[in-house]
Amino acid sequence: MVYASGQEQDPADDGSVRTAEQARNVARGFLSVAAPDGGSGVEAVLLVVSELIANAVQYAGGVTGFRLDAGPGRVTVAVADASRLPLRPMPWDAAKPGGFGCHVVQELSTEVRVRVHAAGKTVTAVVPCPTADMPRG
């Protein structure tokens, strides 16, 4: 579920991450090694993780995969879900709660990709974050 840069794999469902809280806990452990001095970049990664997982749970049939990858100056977050429907950012409406997740992810990320596949889709966000040198697997 968590890979060093260079290990190209799709998110795999090992059954351990189903909620934003679980994903943040996994991400905190990963970031403590991958980005120990990441500062606000770490906070941005945690927020992106929370938003992508929450979107998968609320709108897309649940999380089917979760992956973190650290590379030079960036952390990539990938969340797979059970829906083949594309992401649909909600219009900004300060009078209504919620609906800001996609906008937050886009604002904090240098790149956001959506790949539709037979089992649903995978949303991948690349977040700027100072990273440590990671050993390659």
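The values are calculated or read from the model by the stated rules, or taken from the named source; none is laboratory data. Note that the structure is a prediction, hence the values are computed from the model and not measured. Note that each Cβ is placed from the backbone with ideal geometry, even for glycine, and that neighbours are counted across all protein chains shown. Surface accessibility is based on the protein's heavy atoms, side chains included, excluding ligands, DNA and RNA. Shrake-Rupley method; radii C 1.70, N 1.55, O 1.52, S 1.80 Å.
Any chance you could count how many residues in region 8-36 are charged (D, E, K, R), modelled with pLDDT of 90 or more and exposed (fewer than 13 other Cβ atoms within 10 Å of the Cβ)?
Residues in region 8-36 being charged (D, E, K, R), modelled with pLDDT of 90 or more and exposed (fewer than 13 other Cβ atoms within 10 Å of the Cβ): 1 in total.
Could you tell me whether Leu47 is open to solvent by 50 Å² or more (accessible area, probe 1.4 Å), closer than 13 Å to Cys129 by Cα and not in a loop (DSSP other than H, G, I, E, B)?
Considered against the rule, which asks whether it is open to solvent by 50 Å² or more (accessible area, probe 1.4 Å), closer than 13 Å to Cys129 by Cα and not in a loop (DSSP other than H, G, I, E, B), Leu47 comes out as yes.
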